[in-house]
1. For the stretch 219-233, give me each residue that is of a type in the set (A, V, I, L, M, F, W, C) and either in a loop (DSSP other than H, G, I, E, B) or surrounded by fewer than 13 Cβ atoms within 10 Å (Cβ to Cβ) (or both).
2. Wholly within the stretch 41-120, which strands (runs of 3 or more DSSP E) include no fewer than the required count, namely at least 2 residues that are at pLDDT below 90 and of a type outside the set (G, A, S)?
3. Within the stretch 126-161, how many residues turn out to be within 14 Å of the chain's Cα centre (by Cα), surrounded by 19 or more Cβ atoms within 10 Å (Cβ to Cβ), at pLDDT 95 or above and among the polar types (S, T, N, Q)?
4. Is it true that A16 is modelled with pLDDT under 90, open to solvent by less than 30 Å² (accessible area, probe 1.4 Å) and hydrophobic (A, V, I, L, M, F, W, C)?
5. For the stretch 174-186, state whether one or more residues are open to solvent by 40 Å² or more (accessible area, probe 1.4 Å) and within 17 Å of the chain's Cα centre (by Cα).
6. Give me the pairs, please: first residue somewhere in the stretch 194-206 and farther than 15 Å from P45 by Cα, second residue anywhere and assigned to a loop (DSSP other than H, G, I, E, B) and open to solvent by 30 Å² or more (accessible area, probe 1.4 Å), beta-carbon distance under 7 Å, and either six or more positions apart or on two chains.
7. Taking the criterion of being surrounded by 13 or more Cβ atoms within 10 Å (Cβ to Cβ), out of contact with any Cys (no Cβ under 9 Å at 6 or more places or on another chain) and farther than 25 Å from K119 by Cα, would at least one residue in the stretch 201-210 satisfy it?
8. Would a scan of the stretch 73-85 turn up a residue that is surrounded by 14 or more Cβ atoms within 10 Å (Cβ to Cβ), within 30 Å of V227 (Cα to Cα), within 16 Å of the chain's Cα centre (by Cα) and of a type in the set (D, E, K, R)?
Amino acid sequence: MRVRQALTRLTLAGLALALVSCGRSGPHATILNMRERELGGPPFPTRIIVNRHYLRIDPDTGTGNYILFDRKRRIIYSVDHSDRTILVIRSHIITLPKPAKLQETVQRGHAKGRFKGHKLRSYRLYTNDHQCYYIVAAKGLLPGVVSALKAYSDTLAGEQALTAANTPAGLETACDLADNVFDPDREYAYGFPVRILDYEENEKVLIGYKKDVPVKRSLFTLPAHYVRYSPGEVRNGD
């Protein structure tokens, strides 16, 4: 299973610069409330908390699992309480050659009204004539959040490239390679995506957000005694 898919089950698209201040009440952050749906299944809420140091993703699936992205060190931590483990994903330089036939195109749609005063427009993102994303984006909305989500996607792309290099030819689709490895930021190119629908019917919708919210410092910490492991250990069977 692709690393991004596994993390999406904890989240996606996944991803935010908080308006930073460290007062007595603790750090301040931007908090986003999302609605997600996987493979056309029932929707569930997801909370995203971001400040200038961290991005935290909390899917409300009843497990308490979460993802913490250290923005400065560019490390993703995926915390699983059921087996008391932390999957650690570090940034890697992508050396996998880009296929010559991987061609990306964009179809710009009509205006879709406004969200919080920002103009909405739809986009369809294609790779080799296959639609990978349908997006409704708000230009100029939460640019700091967009920046953090790009960094998160870029970090994940390095690990995805290592996975793709060890995947038999033909098992990765053109959308997989474009979206997960070679152009992981493409869904953020037109503003904040208030709605994303990918080719596998995974959907994310922004319900609302609040800026400059005081949050507990403990939200940006990791369980001290959980076992840490890397995707490489999984690939190598360690």
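The values are calculated or read from the model by the stated rules, or taken from the named source; none is laboratory data. Everything numeric here is computed off the predicted structure, so don't read it as measured data. Reconstructed Cβ throughout: ideal geometry from the backbone, glycine too, with neighbour counts over all protein chains shown. Side chains included, ligands, DNA and RNA excluded: accessible areas come from the protein's heavy atoms. Shrake-Rupley method; radii C 1.70, N 1.55, O 1.52, S 1.80 Å.
1. Initial filter on the stretch 219-233 (of a type in the set (A, V, I, L, M, F, W, C)): 219-220, 222, 224, 227.
Across the stretch 219-233, the qualifying residues are L222, A224, V227.
2. 104-115
3. So the count comes out to 2.
4. On the way: modelled with pLDDT under 90: yes; open to solvent by less than 30 Å² (accessible area, probe 1.4 Å): yes; hydrophobic (A, V, I, L, M, F, W, C): yes.
When the stated conditions are applied, A16 passes them.
5. Yes; the residues of the stretch 174-186 include at least one that is open to solvent by 40 Å² or more (accessible area, probe 1.4 Å) and within 17 Å of the chain's Cα centre (by Cα).
6. Pairs found: E200/L39; E201/L39; E201/G40.
7. No, there is no match, as no residue in the stretch 201-210 is surrounded by 13 or more Cβ atoms within 10 Å (Cβ to Cβ), out of contact with any Cys (no Cβ under 9 Å at 6 or more places or on another chain) and farther than 25 Å from K119 by Cα.
8. yes
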